Amino acid sequence: MSEPHKKSGKKLWLSLLVTLVAVLALGWMLRQVDWQQAAQAGARVPLHVWLLSALGMAASHLLRAGRVRAEWRSQLRMGWREAWGLMVRHSAWVVLVPMRGGEAIYVWALHRQGGVPLRQAGLSLLRLRLQDMAVLAVLALALFAPFDWPLRLLLLLAMLVAAVWLLPMVWFIAQERAIRRSGESGRKLPAPAWASWAYAVSNWVVKLAAIAWPLLSLLPLDFDAALKGAAGGELAAALPVQPPAGFGPYEAGVIAAIRSAAEVAWSDIAVAALVVHLLALAVTVGSSVLARLLGWSHRDLRLPHSGPGPA
């Protein structure tokens, strides 16, 4: 058996193992749930909470699209519709494909639809993910800091300034390593611009608030604990080893974060986390299907003068 086939086989078995462990873990977390009581609690949540939470998650996709549009609009035909279609397609693949294998759809779409070289598209994805990790980590550190909100906000501002200052250096090192590893030369991508930072921070603030609101309605929490739960779930979802749709790690992250801030039964938290997780999946996959039906996610992104793309 060739080396690529061996690696592919190992990845498949690892993916199956991770999925099995996640399913067993999720079943264990939900084993003590009183589903009738959980259904009644969910029915008591006002309809406008679900609607506004879903709109917040959709707004998060739009903010991510704005970030990509700001990056590519001078090189590609990247209007708001094309950028939104690309990002919801990417998001759907990321959550549905195990081991975060769906990340590759961003690179492939830019290459096939926009003629962007694979190396440049891969570096763009790496830069987006580094920025996301920096912003989410800063927000989480500020949320979990043992201070009152005024001090947390000051800490958040200071850490954001530090992240904006430090990430270009980290990006330069990461880019150099990626270029050496690929053995290819070519144009380097600059560090994230100010517009990119504004979109990234807004995206995570909106997304965490959209997730926290239904948690606040489903559980006896204050908004601080609900925000921590939202951050815990997103941190767990960012781990590289993931089952399909992130079931298991996401719920565990929400449980751990909320339990650090409030005395709530972990079985109740598990149900609430699962409900919010399903809502987020429905918004993401539904948006991807809509973008496909409208033809926005598969449009040719090349500018009229750029000529044919790769075969």
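The values are calculated or read from the model by the stated rules, or taken from the named source; none is laboratory data. Predicted model, so just to flag it, every value in this text is computed and none were measured. Every residue, glycine among them, receives a Cβ derived from its backbone with ideal geometry; neighbour counts consider all protein chains shown. We work out accessible area using only protein heavy atoms, side chains counted, and drop any ligands, DNA or RNA first. Shrake-Rupley method; radii C 1.70, N 1.55, O 1.52, S 1.80 Å.
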Q. Any residue at all in the range 188-198 that is modelled with pLDDT under 90, open to solvent by 30 Å² or more (accessible area, probe 1.4 Å) and of a type in the set (D, E, K, R)?
A. yes
Q: Answer yes or no: is there a residue in the range 231-246 that is more than 21 Å from the chain's Cα centre (by Cα) and within 25 Å of Val205 (Cα to Cα).
A: no
Q: Could you tell me whether any residue of the range 271-280 is at negative phi and touching a Pro at 6+ places or on another chain (Cβ under 6 Å)?
A: yes
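Given the structure, is Ala39 modelled with pLDDT under 90 and either of a type in the set (S, T, N, Q) or surrounded by fewer than 20 Cβ atoms within 10 Å (Cβ to Cβ) (or both)?
Yes; evaluated as a whole, the condition is true for this residue.
Going residue by residue through the range 62-73, is there one that turns out to be open to solvent by 60 Å² or more (accessible area, probe 1.4 Å) and either under 24 Å from Gly233 (Cα atoms) or of a type in the set (Asp, Glu) (or both)?
Checked the range 62-73: at least one residue is open to solvent by 60 Å² or more (accessible area, probe 1.4 Å) and either under 24 Å from Gly233 (Cα atoms) or of a type in the set (Asp, Glu) (or both).
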Q: Being under 28 Å from Val285 (Cβ atoms), surrounded by 20 or more Cβ atoms within 10 Å (Cβ to Cβ) and of a type in the set (A, V, I, L, M, F, W, C) narrows it down to one of Leu130, Leu118, Leu139, so name that one.
A: Leu139
Q: State all residues of the range 256-311 that are modelled with pLDDT under 90 and crowded, with 21+ Cβ neighbours inside 10 Å; if no residue qualifies, say none.
A: Ala270, Val271
Q | Neighbours by Cβ (under 8 Å, 6+ apart or cross-chain): first from the range 201-217, touching a residue at least 12 places away in the same chain (Cβ under 8 Å); second among the hydrophobic types (A, V, I, L, M, F, W, C) and open to solvent by 50 Å² or more (accessible area, probe 1.4 Å) | A | Ala210/Leu52; Ala210/Leu55; Ala212/Phe223; Trp213/Leu52; Pro214/Trp50; Pro214/Val275
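Identify, from the list Val205, Val241, the residue that is farther than 16 Å from Arg127 by Cα and assigned to a loop (DSSP other than H, G, I, E, B). Steps first, answer last, please.
Numbers: Val205 fails: assigned to a loop (DSSP other than H, G, I, E, B).
Val241 is the lone residue from the list that is farther than 16 Å from Arg127 by Cα and assigned to a loop (DSSP other than H, G, I, E, B).
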Q) Can you pull out the residues in the range 142-166 that are closer than 14 Å to Val201 by Cα, surrounded by 14 or more Cβ atoms within 10 Å (Cβ to Cβ) and free of Cβ contacts under 8 Å to residues at least 40 places away in the same chain? A) Ala142, Leu156, Met159, Ala163, Val164
